[in-house]
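Here's the structure we're looking at; comments come further down.
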Amino acid sequence: RAKDEYKRKLWDEKRTSYKGLAVTLGEISADIENSKAISDSSLKAFYKAYWGTLILVESDAVQLEMVKLKNDLRDLKLNRISTNKMKLRIQRIVTLSKVDIEEVIDGDS
């Protein structure tokens, strides 16, 4: 029973963390779509997610893509990456997050 409760709490934390990440990534995508520049508030929210609770709950696949996105954000400032590539990376992270949540629901992790 304690194990089931732990899994439930982990799933709740994943869901909450991934939801917050999706909101932040949506803001970044909207910034890119609208002005081709990412606002300071969106960047701050991304780094809070990157260094915050997400570290404890994200899957290995999400973690890898988050590191790549962090590097992409640096490269965007230096004009070394297209905004389309950034949006594709963001889409991949959201998709992988959804898969991770579903795996917890299905009992695969």
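Points worth noting:
- Which listed pairs, of 9/36; 19/87; 48/98; 9/87, have C-alpha distances above 28 Å, in listed order: 9/36; 9/87
- Taking Lys and Arg as +1 and Asp and Glu as -1, the other residues whose beta-carbon sits under 11 Å from that of residue 96 total -3.
- Only helices enter this figure: runs of n ≥ 4 DSSP H residues, each worth -39500 (n - 2.57), summed and divided by the residues of the chain, yield -28500 deg cm²/dmol at 222 nm to the nearest 500.
- Computed log10 I(q)/I(0) for segment 37-95 at 0.14, 0.18, 0.19 Å⁻¹: -0.37, -0.62, -0.69, from the Debye equation with unit scatterers placed on every C-alpha and solvent omitted.
- Overall Cα dimensions of the chain, principal axis frame, Å, largest first: 52, 22, 20
- Accessible area expressed per residue, the chain, with surrounding protein chains retained (probe 1.4 Å, Å²): 65
- Within straight-line cross-link reach of residue 77, aspartates and glutamates at Cα separation under 16 Å, skipping those fewer than 8 residues along the same chain: 31, 33, 40
- Solvent-accessible area assigned to carbon and sulfur over the chain amounts to 52 percent, based on a 1.4 Å probe.
The values are calculated or read from the model by the stated rules, or taken from the named source; none is laboratory data. The shown structure was predicted, so the numbers you read here are calculated from the model rather than taken from an experiment. With ideal geometry, Cβ positions are generated from the backbone for all residues, glycine too; neighbour counts draw on all protein chains shown. Keep in mind that these areas ignore ligands, DNA and RNA; they rest on the heavy atoms of the full protein, side chains included. Shrake-Rupley method; radii C 1.70, N 1.55, O 1.52, S 1.80 Å.
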